[in-house]
Amino acid sequence: MKKRSCLLILALAGVSALSIAGFAGCNGGSHGADEARTGTYRGIGSTESVYGVAAVTTAKLLKSESAEVASLAAPADTGTADTGTAGADKAQAELDDFNKYFNMLDTFLDKSATKTVVTKNSSSDEALAGYEFKLIITGKNAAGEDVPHTVYFTETAGASKTDAHTDRDGETETTVTKTYTLDGVVEMGTDETGAAIYYYMSGARTELEITETEGRETETEYISSLTMKASVQKDDPLNYVSLTHTQSSETEADETETESLYTYTVFENGIPVESTAVGFEEETEKGETETEYTVAFQSGTSRGIYTIERETKGNAAEIVVEYLMDGTAGSFTVSKNADGTYRYHFAETSADRFLDDFFD
């Protein structure tokens, strides 16, 4: 598949080298609204939903990296594994890393079930009253349970510019550029006293609309990029998680190609210590829906790629994970025990087969 191979090429190139320019050449993404608006949005393609997913996943990753707080999803951290092979034993040793990524994404594994509701903020709380919007994004976890998260934010429109150029052959290219800044907080549960825990976020978004017209033919491409930082202390310059989200859509006649990519970098004491890239793909065929995430990471000298696929058949859901970690390939399924913990069932696979499957 073209989309999957594009993501893999980016991942293998090294997540720290991923860039907006490199991604834009892959032809992908969905076009969101020009600016944030109140309303209800399904899926994760709208500007409002992107804000929600970006804020929540960045805050989750930040929380998992913090030594002062417990893991956001303790059940997964206490998971057990059926291994049985040397390669699977190595993967078991890396489950802490996988748990971190899985916990970050699990709310959005069922992309079509994600709902974002944006309203005008009416809170009288001193810590929240200054923000324009209240956003509640609700997804489903691995057990199919609804999980809501709340974000308060203000979006401010910046410069808008239109450039048009016509070449000697009569082809006209028009580019419209719009910019926005973002400031807000993510609500991440409560502390031992029952007080709400807030993580601070700030960012900027740029939208490009590029239209090429030649005679009666018109081709339009939308490129939207979002940068965001999340920190425990507001505007902390040393310890934070940064995110870059890029999506674009290219439409010609009745055909549209889409793709979306999130990249995360963890900073500790001002030093980048880990990078992660997450790509999204969803397929529906004969009433069955498959949602797949491609996760590429680099932590120190270790590198790995996971594909996390949620398969829905009727009312049942199964999570299947394939991985390529420092040359070791394999797969496992994720199931939930009666006590709420997760269990991992491993099977070893050759690296060659992993790559062949990836490029199918």
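Among the residues of the range 312-332 satisfying the criterion of being loosely packed, with under 15 Cβ neighbours inside 10 Å and in a strand (DSSP E or B), which is modelled with the highest pLDDT? Don't jump to the end; show me each part of the working.
Residues of the range 312-332 that are loosely packed, with under 15 Cβ neighbours inside 10 Å, as a first pass: 313-316, 318, 326-327.
Checking which are in a strand (DSSP E or B) leaves us with 313, 316, 318.
On the way: K313: 61, A316: 61, E318: 72.
Among residues in the range 312-332 that are loosely packed, with under 15 Cβ neighbours inside 10 Å and in a strand (DSSP E or B), the one modelled with the highest pLDDT is E318.
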With the first residue restricted to the range 164-193 and required to be touching a residue at least 40 places away in the same chain (Cβ under 8 Å) and over 21 Å from M104 (Cβ atoms), and the second required to be open to solvent by less than 40 Å² (accessible area, probe 1.4 Å) and charged (D, E, K, R), Cβ contacts under 9 Å at 6 or more apart or on different chains are K178/R205; K178/E207; Y180/E155; Y180/R205; Y180/E207; D183/E155
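Okay, residues lined up against (1) over 24 Å from the mean Cα position of the chain (by Cα); (2) at positive phi; (3) assigned to a loop (DSSP other than H, G, I, E, B); (4) surrounded by 17 or more Cβ atoms within 10 Å (Cβ to Cβ):
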residue: V151; (1), (2), (3), (4): no, no, no, yes
residue: T156; (1), (2), (3), (4): no, no, no, no
residue: R168; (1), (2), (3), (4): yes, no, yes, no
residue: T174; (1), (2), (3), (4): yes, no, no, no
residue: Y200; (1), (2), (3), (4): no, no, no, yes
residue: S224; (1), (2), (3), (4): no, no, no, yes
residue: P237; (1), (2), (3), (4): no, no, yes, no
residue: L243; (1), (2), (3), (4): no, no, no, yes
residue: Q247; (1), (2), (3), (4): no, no, no, yes
Kindly indicate whether any position in the range 281-297 is at pLDDT 75 or above and surrounded by fewer than 21 Cβ atoms within 10 Å (Cβ to Cβ). no
Subset of the range 240-254, residues of a type outside the set (A, V, I, L, M) and modelled with pLDDT of 65 or more, comes to Y240, S242, T244, H245, T246, Q247, S248, S249
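From A142, A204, which residue is under 28 Å from the mean Cα position of the chain (by Cα) and modelled with pLDDT under 90?
Working: A204 fails: modelled with pLDDT under 90.
Criteria check complete, one pass: A142.
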Scope the range 211-222; condition part of a strand (DSSP E or B) and more than 21 Å from V50 (Cα to Cα); matching residues: T211, E212, T213, E214, E217, T218, E219, T220
Collect the residues in the range 214-234 that are modelled with pLDDT of 90 or more and over 11 Å from Y180 (Cα atoms), keeping them in residue-number order. M228, K229, A230, S231, V232, Q233, K234
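Identify, please: which residue in the range 97-123 is over 26 Å from T333 (Cα atoms) and outside any loop (DSSP other than H, G, I, E, B) and is, among those, most open to solvent (accessible area, probe 1.4 Å)?
Pass one, the range 97-123, residues over 26 Å from T333 (Cα atoms): 115-123.
Applying the additional criterion that residues be outside any loop (DSSP other than H, G, I, E, B) yields 115-120.
Numbers: K115: 71, T116: 0, V117: 47, V118: 4, T119: 62, K120: 121 Å².
Going through the qualifying residues, I end up with K120.
Which one is surrounded by the most Cβ atoms within 10 Å (Cβ to Cβ) among residues in the range 226-235 that are of a type in the set (A, V, I, L, M, F, W, C) and touching a Phe, Trp or Tyr at 6+ places or on another chain (Cβ under 7 Å)?
Of all residues in the range 226-235, those of a type in the set (A, V, I, L, M, F, W, C) come to 226, 228, 230, 232.
Checking the rest, the ones that are also touching a Phe, Trp or Tyr at 6+ places or on another chain (Cβ under 7 Å) come to 230, 232.
On the way: A230: 29, V232: 18.
That would be A230.
The values are calculated or read from the model by the stated rules, or taken from the named source; none is laboratory data. Given the structure is predicted, the values throughout are model-derived calculations rather than measurements. Neighbour counts run over all protein chains shown; Cβ positions are idealised from the backbone, glycine included. We work out accessible area using only protein heavy atoms, side chains counted, and drop any ligands, DNA or RNA first. Shrake-Rupley method; radii C 1.70, N 1.55, O 1.52, S 1.80 Å.
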